[in-house]
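Any read-out appearing in this document is the output of simple, stated calculations on the displayed coordinates, not a laboratory observation. Every value quoted in this text rests on a predicted model; they were computed, and no experiment measured them. FYI the Cβ positions are ideal-geometry reconstructions off the backbone, even for glycines, and counts take in every protein chain you see.
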Amino acid sequence: MIPTGEPVDLAPPEADREEHALRMKKNLILLFLLLAGVMFGSLLAAATRGIPWLSWLSYGQTVGISVDNPMILDLAVIQLAFGFELGVNIAQIICVLIAIFAYKGLVSRL
């Protein structure tokens, strides 16, 4: 192919832009709903911890490298401390499942 000197349009067609924007919108909605589910689940677990018949919602486990006793890498010049904990409880799991079902309902309307 011999170059003719005409400018080449590298921009995607308008339909691709709209599809990309819709996909980005769906991803942001999912991220927001998942974060809201985790946060609301944490609040729900903390609020029901003292109620005997709802205390099961606050049952959970923590997994990871303890933040109180982190793994330390000593390189003589610099010390690095690694710690990561992930705590999950029943209320968070329920709220995240509700968020996923809410996402499916919202996305079907878009």
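Checking each residue in segment 43-83 for being in contact with a helix residue (DSSP H, G or I) (Cβ under 6 Å, 6 or more places away or on another chain) and within 30 Å of Gly105 (Cα to Cα) picks out Leu44, Ala45, Thr48, Leu54, Leu57, Ser58, Tyr59. Among the candidates Ile94, Ile29, the residue that is touching a residue at least 40 places away in the same chain (Cβ under 8 Å), touching a Phe, Trp or Tyr at 6+ places or on another chain (Cβ under 8 Å) and either assigned to a strand (DSSP E or B) or surrounded by 11 or more Cβ atoms within 10 Å (Cβ to Cβ) (or both) is uniquely Ile29. Within segment 73-90, restricting attention to residues that are in contact (Cβ under 8 Å) with a residue 24 or more places away in the chain and assigned to a strand (DSSP E or B), the residue that is surrounded by the most Cβ atoms within 10 Å (Cβ to Cβ) is Asn89. Within the bounds of segment 59-72, is there any residue that is charged (D, E, K, R) and either within 30 Å of His20 (Cβ to Cβ) or part of a strand (DSSP E or B) (or both)? No. On the given criteria, is Thr62 over 22 Å from Ile100 (Cβ atoms), in contact (Cβ under 8 Å) with a residue 24 or more places away in the chain and surrounded by 11 or more Cβ atoms within 10 Å (Cβ to Cβ)? Yes: the conditions hold for Thr62. Every test in (1) among the small types (Gly, Ala, Ser); (2) loosely packed, with under 13 Cβ neighbours inside 10 Å; (3) over 21 Å from the mean Cα position of the chain (by Cα) is passed by Ala47 save one, and that test is (2). Within the bounds of segment 99-107, is there any residue that is surrounded by 15 or more Cβ atoms within 10 Å (Cβ to Cβ), touching a strand residue (DSSP E or B) at 6+ places or on another chain (Cβ under 8 Å) and among the hydrophobic types (A, V, I, L, M, F, W, C)? No - not one qualifying residue is present in segment 99-107.
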